[in-house]
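Only one structure is covered here, and it is reproduced in the block below.
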Amino acid sequence: MTITAPVTGVGGLLRDWRQRRRLSQLELSVEAEVSTRHLSFVETG
């Protein structure tokens, strides 16, 4: 059983959503048509 801390902020919610769907940052960035660097910046705040 995995226990995770509550996610706050848009970046944390996005990262949680992506991980629950088992997507890498690369896969999501291709689908969203943004760079992986931008996606990383959004996720980390």
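Each value in this text was obtained by applying a stated rule to the coordinates, not by laboratory testing. Because the structure is a prediction, the values reported are computed rather than measured. With ideal geometry, Cβ positions are generated from the backbone for all residues, glycine too; neighbour counts draw on all protein chains shown.
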Once you charge only the Cβ atoms, +1 for Lys and Arg and -1 for Asp and Glu, what is the size of the charge dipole of the chain about its Cα centre, to the nearest 20 debye? 140
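Find how much the distance from residue 2 to residue 24 grows on full extension, using 0.36 nm per residue of separation minus their present alpha carbon separation; answer in nm with one decimal. Walk me through the numbers on the way to the answer.
Working: separation 22, 0.36 × 22 = 7.92 nm, distance 1.95 nm.
Full-extension gain reported as 6.0 nm.
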Residue-wise HN-Hα coupling along region 27-43, computed from phi with Karplus coefficients 6.51, -1.76, 1.60 (Hz; x: Gly, Pro): 4, 5, 5, 5, 5, 8, 6, 10, 6, 5, 5, 5, 4, 4, 4, 5, 5
